[in-house]
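The values are calculated or read from the model by the stated rules, or taken from the named source; none is laboratory data. Because the structure is predicted, anything quoted here is derived from the model rather than measured. All Cβ positions, glycine included, derive from the backbone under ideal geometry; neighbour counts span all protein chains shown. For accessibility, only protein heavy atoms count, side chains too; no ligands or nucleic acids. Shrake-Rupley method; radii C 1.70, N 1.55, O 1.52, S 1.80 Å.
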Amino acid sequence: MSERLKGKVAFITGGASGIGEAAAFLFGEHGAKIIVADIDEDAALRTSNELNSSGIDSLGVQLDVTRDVDIKNAFSRTNEKYGPISILVNSAGLNPRLPSLENKSSEEIWDRIIDVNLKGTYLTCKNVVQQMEENGGGSIVNLSSIMGEVAYHSSMSNGFSAYNPSKGGVLLFTKNLAVDLAPKKIRVNCLNPGFAETPFTEALTSDTELVKKIIDLHPIGRLAQPKEIAYCALFLASDESSFVTGTSLLVDGGYTAQ
Ligand SMILES: NC(=O)c1ccc[n+]([C@@H]2O[C@H](COP(=O)([O-])OP(=O)(O)OC[C@H]3O[C@@H](n4cnc5c(N)ncnc54)[C@H](O)[C@@H]3O)[C@@H](O)[C@H]2O)c1
């Protein structure tokens, strides 16, 4: 087993699926203890059981990242079992392939997407700072997106109305927090992936016409696998990136280079 994250305690929201799950296994393979935190309790427990079965020390916890009380409870359980959190990955996210602005329920959906993607990231960060500081520092990795950097025409997907603003918010929140927390030795960075094949994008990728258009937007000629995103999270989480803070790392097969 590699020791890139030896002695680290990694708390991963959205850890039961897609990019978060890939990070959970990869970080565990590199020596970290893993907390799989997800709104889907069965999936969180299933993933942490699989990690434990493969020799990775793991705890599964249920939480809704929009609820401060859930985060505090999940952090207490983590601290009781493993001590202070040294790595926080915010991968919980929502992107229902839903509503254009005309949709009647769009305000409700707007609120939920902003709440989960942006406020949820703020709440976990807010709650983790003190323990990271007392422990001599830490690394926070937030999942933004190429959609936090550039626009996406809603005709491609029937509307991403709140998604891009939520991810743009995560990007600037990350930079601001990085500046504030640098003196406390807490690094804060975000990953900005292109389209990856996960349950999150199934509604898009199961549409054969649409997926072709989406692939064409990535010069590399395919979508990402979750592990390819997780490897970049591993770098940002580990001490190898000790001089990197406030950055957004594009992992997008060239999508935004054009
Ligand atoms: N897949 C992509 O193409 C892609 C591209 C760019 C950015 N991202 C971002 O990466 C992150 C992970 O995406 P993914 O593809 O792995 O998605 P996914 O749907 O596979 O996993 C997301 C996980 O978050 C959990 N979750 C949702 N709401 C939650 C809440 N309120 N509290 C706690 N957990 C909650 C879900 O249960 C799920 O397990 C998201 O933030 C997404 O916006 C994904």
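In whole angstrom, and with the biggest value first, how far do the Cα coordinates of the chain range along each principal axis?
Principal-axis extents of the Cα atoms in the chain, largest first: 48, 37, 36 Å.
About the Cα centre, and with charges only on the beta carbon of Lys, Arg (+1) and Asp, Glu (-1), how big is the dipole of segment 109-258? Nearest 20 debye, please. Could you put the intermediate results ahead of the total?
On the way: 12 positive and 15 negative charges, 46 e Å.
Dipole size: approximately 220 debye.
Let me cross-check Glu240: its accessible surface, 1.4 Å probe, with only protein heavy atoms counted, in Å² to the nearest 10?
Around 100 Å² of this residue is reachable by solvent.
Rank Ser144, Ser248, Ser106 by mean-square fluctuation in a GNM of the chain with C-alpha springs under 10 angstrom and give only the top-ranked residue.
Most flexible of the set in this elastic network: Ser106.
Go through 115-121, 169-175, 10-16, 241-247 and give me the packing order, highest mean Cβ count within 10 Å leading.
Numbers: 115-121: 23.4, 169-175: 19.9, 10-16: 30.0, 241-247: 14.9.
The densest-packed peptide leads the list: 10-16, 115-121, 169-175, 241-247.
Return the calculated 222 nm mean residue ellipticity for the chain, to the nearest 500 deg cm²/dmol, obtained by summing -39500 (n - 2.57) across DSSP H runs with n ≥ 4 and dividing by the residue count. Could the numbers behind the result be given before it?
Details: 9 runs with 108 residues, N = 258.
So the helix-based figure for the chain works out to -13000 deg cm²/dmol.
For Tyr231, what accessible surface area do you get with a 1.4 Å probe? Give it in Å², rounded to 10.
110
Just name one of Gly246, Ala92, Leu123: the one whose Cα is farthest towards the positive end of the charge dipole of the chain (beta-carbon charges, Lys/Arg +1, Asp/Glu -1).
The one lying farthest along the dipole's positive direction is Gly246.
For the chain, what is the accessible area per residue in Å² when the probe is 1.4 Å? Present the calculation step by step, with values, prior to reporting the outcome.
Details: 11630 Å² over 258 residues.
Computed with neighbouring chains in place, this is 45 Å² per residue.
If each residue of separation counts as 0.36 nm, what is the full-extension length gain between Glu41 and Glu197 once their alpha-carbon separation is subtracted? Show your work: numbers first, answer last.
Numbers: separation 156, 0.36 × 156 = 56.16 nm, distance 2.24 nm.
Stretched out fully, the Glu41 to Glu197 stretch lengthens by 53.9 nm.
In debye to the nearest 20, how big a dipole does segment 1-150 give about its Cα centre with +1 on each Lys and Arg Cβ and -1 on each Asp and Glu Cβ?
Values: 14 positive and 21 negative charges, 68 e Å.
In total the dipole reaches around 320 debye.
Quickly work out the Arg77-to-Lys126 label distance, labels modelled 7 Å from Cα along the C-beta direction, and quote it in nm with one decimal.
Spacing of the two 7 Å Cα→Cβ label points: 2.2 nm.
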